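Here the structure comes first, spelled out in structure tokens, and everything after it is commentary.
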Amino acid sequence: MTLVLIRDDDAPTIVERVPPGEARREHTLRDLIYDNPTILPVRDIDPGYGRLFTVARELNVPGVGFIDVLLADEHGRLVVVECKLWRNPQARREVVGQILDYARELSRYGYEDLQRQITIATRRQGNVLYTLAREAGGVLDEAQFVDRVSRDLAAGRFLLLIAGDGITEGTRRIGEYLRAQPGLAFEFALIEFAEYRASDASGESRTIIQPRVLAQTVTIERHVIRSEVAGVSIDAVEARPTRRTGATTTEPSDLSRSWQAFVDRFIAETVFDDPAQPLARRGGNGWIRVPLPGALYVNLYRSSTNQRCGAHVRFAGLDGAAWELCRADRDAIDAEFTTAGLPPPDWTEDEVPGVGLVIPSAIPWDAEEQDRMLRWMGRAANQFVNSFRPRLQGLEA
């Protein structure tokens, strides 16, 4: 296809299309959509969508990958965009499978899970998706908004868009593949970004981008009844010793009181990206317990003997399934820690395997050192929760 540029006083200019595969690089296309979400012809696909806004770029879906761009409208309807330059059939097949993997995983999310991943991607606290929707003109109150998004997540009701510079995959074959996906109520479309280049009157080269819908599905509602309570962690209740009449009571030591004060500060000042994360609690003198799914927990500790502080998860229980699941995704987990400004954790294959971080902690543990350790433990605990909680939740479903 060619374009014809007509000027009032000049002869028409023929604008040739840039051949597919020679056009914009993937990350440039992704950034173009991220900065200008309204260029997507979403209302040609579904007129019910309102004004689009950008939620996040490179949103991490643990165990699956990174969504190129996540968009939404003011009603909270989610749009997942995956960008691909269409150079070979293998790349085309892979990107269709990838975006379906994102949809399947998101359909397992509760609203808190989505909120956690958006918080990580945007580095903003609070109900970021709702705040962005209100800024885009949304009128739903927060409870209504959260309820609507939660229903869409549970039903797998998303708009999935694959954006590319030239799409030649047979749409019939793609449609057959999509219809074979059970349990989701998504809409799917291929968006071609045709690129043209021409020179203006001064001889300067100009680029013209034309987004257009090449193919789309008709939404097929599939009803799935699922009993799932994500994020519930059950810890054993420690029985209090029975008080006996006439027994001598022992007052807490100075060390115990000092550690309790540190734990209280940690609980009060540590903000987790995951809004559904249960509160930490004291485990004993020198350590704090942060619950994870599957009766696992992050052990935050300080050792005066070894003069170090650490964060550690021991993978006991679940017949080793939790360890195998996380170990298989080790590279992605290490990258998540690095992105958060922490070193990759150490992975140990002991009788009870584990993952941990350790840093020095000098004695005396004065106020300045306590402040430093409080900040470090908070960052470490938050990242362990961000990386391991969503992966472990899948084992409890």
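Computed values, structure above
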quantity: Ala198 versus Leu279: modelled label distance in nm, points set 7 Å from Cα along the beta carbon direction; calculated: 6.6
quantity: Relative contact order [Cα under 8 Å, 6+ residues apart], segment 284-388, whole percent; calculated: 28
quantity: Per residue solvent-accessible surface (Å²) - segment 250-294, probe of 1.4 Å; calculated: 51
quantity: Cα gyration tensor of segment 33-72 - equivalent ellipsoid semi-axes, whole Å, descending; calculated: 22, 11, 8
quantity: Chain lengthening between Ala143 and Thr28 when straightened (0.36 nm per residue, less Cα-Cα); calculated: 37.7 nm
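The values are calculated or read from the model by the stated rules, or taken from the named source; none is laboratory data. Keep in mind that what you see is a predicted model, and the values were worked out from it rather than measured. Methodologically, a virtual Cβ is constructed for each residue, glycine included, from the backbone with ideal geometry; neighbour enumeration extends over all protein chains shown. Accessible surface is based on the protein model in full, side chains and every heavy atom, while ligands, DNA and RNA are left aside. Shrake-Rupley method; radii C 1.70, N 1.55, O 1.52, S 1.80 Å.
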